[in-house]
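This report refers to the structure that appears directly beneath it.
The values are calculated or read from the model by the stated rules, or taken from the named source; none is laboratory data. If you're wondering where the values come from, they're calculated on a predicted model, not measured in any experiment. As a convention, Cβ positions derive from the backbone with ideal geometry for all residues, glycine included, and neighbour counts pool all protein chains shown.
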Ligand SMILES: Nc1ncnc2c1ncn2[C@@H]1O[C@H](COP(=O)(O)OP(=O)(O)OP(=O)(O)O)[C@@H](O)[C@H]1O
């Protein structure tokens with residue numbers, strides 16, 4: 001059994017259209033590591049994160065998480081693995097017609113029987129913890145609002161709380177700040193980073209912005225054309241490395257998000 005929390009060997013993903021999105025990725029992640037995955041658009045960052053919990057089926061290679069072979073897991077084993085891996089998405093993936101609090105409680109579904117989940121029978125303990133998480137990210141006054149009444153930055157803080165409510169061992173954050181303005185981005189990254197550190201959760205976060213990766217991560221992985229081309233501490237990532245990773249797409253490493261969601265005024 002691997003001594004790492006996550007151990008990936010020779011991971012390759014070929015999509016049916018023929019694109020080789022990942023090619024022979026080897027990666028070991030220890031408990032509590034905070035890793036930024038950088039690389040230009042189309043490099044394979046999302047595919048890498050989604051193979052880890054099998055939202056995307058790997059073509060070959062092995063993935064071991066907390067002693068379980070994810071790549072060989074049956075439906076029941078996969079459910080157990082996924083209950084320990086929280087996910088944060090670029091477009092939040094909240095249920096708009098439900099309240100903020102209910103969205104956070106969805107993080108508990110993996111731990112409940114399907115009947116209890118179907119009728120939203122959350123325990124008082126779960127509700128208390130969800131409220132405490134919302135309070136921590138400054139959303140205590142929003143918890144009974146519908147999710148679609150929130151700004152983008154607020155929605156992503158709900159997404160962070162939902163992932164944390166799972167009490168996962170690993171969080172996969174797939175471009176969590178790509179749709180946010182810089183101020184909301186900082187609030188969201190602070191929330192992810194602080195809570196992972198406090199709760200001993202490992203995190204793999206896909207980011208475009210190299211400066212943000214350097215500010216938060218204890219380790220940076222660079223992906224280019226489906227291959228891992230950099231793996232080291234932030235201080236080892238020189239401008240030269242970054243230029244090579246983003247060769248031909250240099251503008252993306254400073255990419256400022258398009259303000260497609262309203263400003264998060266509360267934190268502005
Ligand atoms: N479902 C799919 N079917 C076919 N090809 C896909 C699919 N998803 C991704 N790809 C291709 O795989 C490659 C890697 O895509 P991926 O989304 O993993 O990159 P990325 O680094 O996350 O990019 P971005 O930063 O733009 O999200 C790209 O060439 C993409 O077009």
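Numbers below:
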{"quantity": "Residue list for segment 8-17, restricted to those being more than 8 Å from the ligand (Cβ to nearest atom) and either surrounded by fewer than 17 Cβ atoms within 10 Å (Cβ to Cβ) or farther than 24 Å from residue 169 by Cα (or both)", "calculated": "9, 10, 12, 14"}
{"quantity": "Those residues of segment 78-94 which are on the phi < 0 side of the Ramachandran plot, within 16 Å of the ligand (Cβ to nearest atom) and out of contact with any strand residue (DSSP E or B) (no Cβ under 8 Å at 6 or more places or on another chain), in sequence order", "calculated": "91"}
{"quantity": "Residue list for segment 193-247, filter: within 14 Å of the ligand (Cβ to nearest atom) and at positive phi", "calculated": "225, 226"}
{"quantity": "All helices (runs of 4 or more DSSP H) inside segment 14-108 with 2 or more residues being touching a residue at least 60 places away in the same chain (Cβ under 8 Å)", "calculated": "45-52, 100-105"}
{"quantity": "Which numbered condition residue 39 misses (of (1) within 16 Å of the ligand (Cβ to nearest atom); (2) farther than 30 Å from residue 181 by Cβ)", "calculated": "(2)"}
{"quantity": "Qualifying residue in segment 18-26 (condition: touching a helix residue (DSSP H, G or I) at 6+ places or on another chain (Cβ under 8 Å), more than 12 Å from the ligand (Cβ to nearest atom) and over 21 Å from residue 90 (Cα atoms))", "calculated": "no"}
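Conditions tested, residue by residue: (1) away from the ligand (no atom under 16 Å from the Cβ); (2) at pLDDT below 95; (3) closer than 30 Å to residue 254 by Cα; (4) buried (at least 19 other Cβ atoms within 10 Å of the Cβ).
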| residue | (1), (2), (3), (4) |
| --- | --- |
| 4 | yes, no, no, no |
| 52 | no, no, yes, yes |
| 67 | yes, yes, no, no |
| 73 | yes, no, no, no |
